[in-house]
Amino acid sequence: MTSDSRVTSLVGMFDDASDATTLIKRVEIPLFQRDYAQGRGDATVSDIRSNFLDVLLTAVDGYEPQPVGLDFVYGEIESGTLRPLDGQQRLTTLFLLHWYLASRAGHLAEHHGWKRFSYATRPSARLFCERLVASPLPDLDSPPSSWIVDQSWYLFVWRHDPTIQSMLVMIDAIDKRFKDVDAKAAWARLADTDDPAISFLLLSLPDMGSAEDLYIKMNSRGKPLTEFENFKAHFEKTIETSDRAGEFALKVDTNWSDLLWRLRGDDDLVDDEFLRYIEFVTEICEWRDGHTDGARDRLEPRSRMVFGDGNSRHDEHLEFLFRAFDVWADRSIEGTFNDLFTDGSGDTARASKVRLFFRNDGTRQERLNMFDACCRSFGESRGRARVFSLGQSLVLYAVLIHLVENTDHFPLRIRVLRNLIEASSDELRPERMPKILEDVHSVIRHGTIDAVTTLNQAQVEDEKLKAAFLEANPGLQAAVFGLEDHELLRGSLGAFELDAAAFESRATVFHRLLSEPELWPALTGALLAIGEYQRRRTNSRPFLFGTDSKKHDNAWRELLTGANRERLQGTRQVLATFLDLVEAEAGALGDTLKEITRSYLAQRESEQRFDWRYYLVKYPCMREQGSSTYFAERFNGAEQAEMGYSLCMLRGGARALNGRYRDPYLLAIWRELEDSNSVEDPWFTGYEENPRWLTLNRSGAALRCVPTGFELSLPQLEDHVMAFEALCRDLGVGADNLATMPQVNVDGRGVDTVDRVQVVADIVRRMVAAGI
């Protein structure tokens, strides 16, 4: 079999034949070829497409464009028609690039051989190519594909042709990459047959028998390169000037592959695991360089920016990459993480182990092993949240620093870092990570928190206080660490007094109470009986109270953490008194909580002082359904709202008045009624200033609580007005429909001397009995 080969271009191949047998008049993709694939939408093809267009762009754009050779194009030439066996994808992309630049440069109307390009695979693809080269692309602000599908010649059925759809994707990608180039200059370079910007070696194979058989033989042993193999080729080129380039290539195929082999999937490949871990290392290096926007880009250009010669720290970063892999050699990875961390499910050696709270899916070991978790899920997301979180990246990085540099007192230092990360969970954002990385260095390398400036500062102060407390009381380390490791505290002890005499007993009672959610309805009442333990949510209006529901247990964390010790002072004092009182009682916890509540209610009833706290303690429904957040109104010119007789009670984990909520007073009144069907179930929406009425079903008459008592609203039906007015006269309600409660002045505010819930419930009963 004879052959003819020549270096040429898509424009030049139609003019430079050596004899008539190799003269090309047209290009036709044969029937046995697959669909055009470089425009597919999956991530791997997207990377290949982007890389290829980057290469083509360097060939035609810039002050010193670099000519590009695209290897072999094999084909059979018969009667002037080239039918490529290999090179279909490249030729199709070149065809689309020529159409795009010729259109923009004003040369599409000229006679060119490259325009005679078609597919034999489908008549639709052949017709599309013919229509395309006859239609110059105008200047557009929108993607070219939108203009193409809007043309009269674009057929509706082409929506289902995968080759045409891939071409549209590629045209948009070309436009995105080449939109800002000088089209005339780029076209001149592309069409230059003497010095072509983009060339390939055309190999024509005449007399070769069945082209289809040869195609099958050529492709029977080949597999497409994986995403990692593509990356590795680019990365080796990026570091080719480094003395460690050869070492990298060797270790990827030997030591590091052995390291990751146990993580392989059903395909017996570790390529994805390699890519995820390398992306983790790359992002750490980006943060070290002060860059935070890389995660939106592909890994290949990011790694080039980090490890390429253009980065003055490339050697340092490459050294970190090697160490990040090599440090796991000859080491039990699982054992390393088991020695350092616990998930709180039975480990007792808390002085030497730190509990992790990351919510990874999978087994206990997968939750603890940061290396495995990184290799399995780094770079993935659920919605806008990272599966492998920023906090996990910081912990894994801290472990690497320790293992590589053999840092001192690591269990204590990683505990401090864990506490700071958990307290900063709402503050961990990519743009803050370079400075946070410096905080990590301060804690892990130097064992100091004085230089920590970006992680949560309230927690920084808390860590200093705890360190001084433990230095003075080393025997309390187990109690402090155990409380830090509580699921609802996660390192923050701002709600606890650092009192050496009582700390251990208080910690024990706290663990007991919070471990029995069935006691929480009584717990919230007993706590409130001791004092006003609630606090405002940081930088917000609502009050936090904890919860009666295990389902919404994070409400306790919101109450007890997330603020500095000054803002937690009221909560801390009430909690200390309460824990001491419970510890002093020998009975069962449930009985103790009931007795605390009973004693408080009896005292208030004997004093006839029924403030808002009395009502919330007496009526459990005012604390039910996981309610932890209350909005209050401002009255009498007060600068801010205070707990009182007008409240909105949010359900469960709700944080704002953007859904249905309860008025706890009206709910308690409704629950006191024997016939609750006579009154509408009191649910509300809207701002807290909006009036909230308890409405009778029959007449539409209604009542609502106000600071001085309650207000009545006329029935909506005229037939009930007379009975309503008669009842108002009996109750002594004035023309303004306001009924005042007997009250005394306490610290400038009116406080009920009778139980308004019982008073109003009785009024509702009388209205129902009167037919209203």
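Per-structure values
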{"quantity": "Residue check for Thr81: in contact with a strand residue (DSSP E or B) (Cβ under 6 Å, 6 or more places away or on another chain) and either farther than 27 Å from Glu130 by Cβ or hydroxyl-bearing (Ser, Thr, Tyr) (or both)", "calculated": "yes"}
{"quantity": "Scan of the range 568-607 for residues that are closer than 24 Å to Ser646 by Cα and either at pLDDT below 95 or touching a strand residue (DSSP E or B) at 6+ places or on another chain (Cβ under 8 Å) (or both), ordered by number", "calculated": "Gly570, Thr571, Arg604"}
{"quantity": "Residues of the range 657-670 that turn out to be among the charged types (D, E, K, R) and either closer than 20 Å to Gly644 by Cα or buried (at least 24 other Cβ atoms within 10 Å of the Cβ) (or both), as a count", "calculated": "2"}
{"quantity": "Complete set of residues in the range 160-188 that are closer than 18 Å to Val55 by Cβ and not in a helix (DSSP H, G or I)", "calculated": "Lys179, Asp180, Val181"}
{"quantity": "Qualifying positions in the range 435-459 - closer than 12 Å to Val416 by Cα, assigned to a helix (DSSP H, G or I) and under 25 Å from the mean Cα position of the chain (by Cα)", "calculated": "Asp439, Val440, Gln459"}
{"quantity": "Residue that is in contact with a helix residue (DSSP H, G or I) (Cβ under 9 Å, 6 or more places away or on another chain), surrounded by fewer than 20 Cβ atoms within 10 Å (Cβ to Cβ) and in a helix (DSSP H, G or I), where the choices are Glu487, Glu518, Glu497, Glu532", "calculated": "Glu518"}
{"quantity": "Filtered residues of the range 509-526 (kept if over 15 Å from Ala555 (Cα atoms), touching a residue at least 12 places away in the same chain (Cβ under 8 Å) and touching a Gly at 6+ places or on another chain (Cβ under 9 Å))", "calculated": "His511, Glu516, Leu519, Ala522"}
{"quantity": "Residue count for the range 566-599, restricted to those that are in a loop (DSSP other than H, G, I, E, B), crowded, with 17+ Cβ neighbours inside 10 Å and in contact with a helix residue (DSSP H, G or I) (Cβ under 7 Å, 6 or more places away or on another chain)", "calculated": "0"}
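For (1) at pLDDT 90 or above; (2) under 21 Å from Arg609 (Cα atoms), each residue gets a yes or a no:
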residue	(1), (2)
Arg692	yes, no
Gly700	yes, no
Ser713	yes, no
Leu717	no, no
Asp730	no, no
Ala735	no, no
Val746	yes, yes
Gly750	yes, yes
Gln758	yes, yes
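The values are calculated or read from the model by the stated rules, or taken from the named source; none is laboratory data. In this text the structure is predicted, and so the values were computed from the model without any measurement. Every residue, glycine as well, gets a Cβ built from its backbone with ideal geometry; the counts of neighbours run over all protein chains shown.
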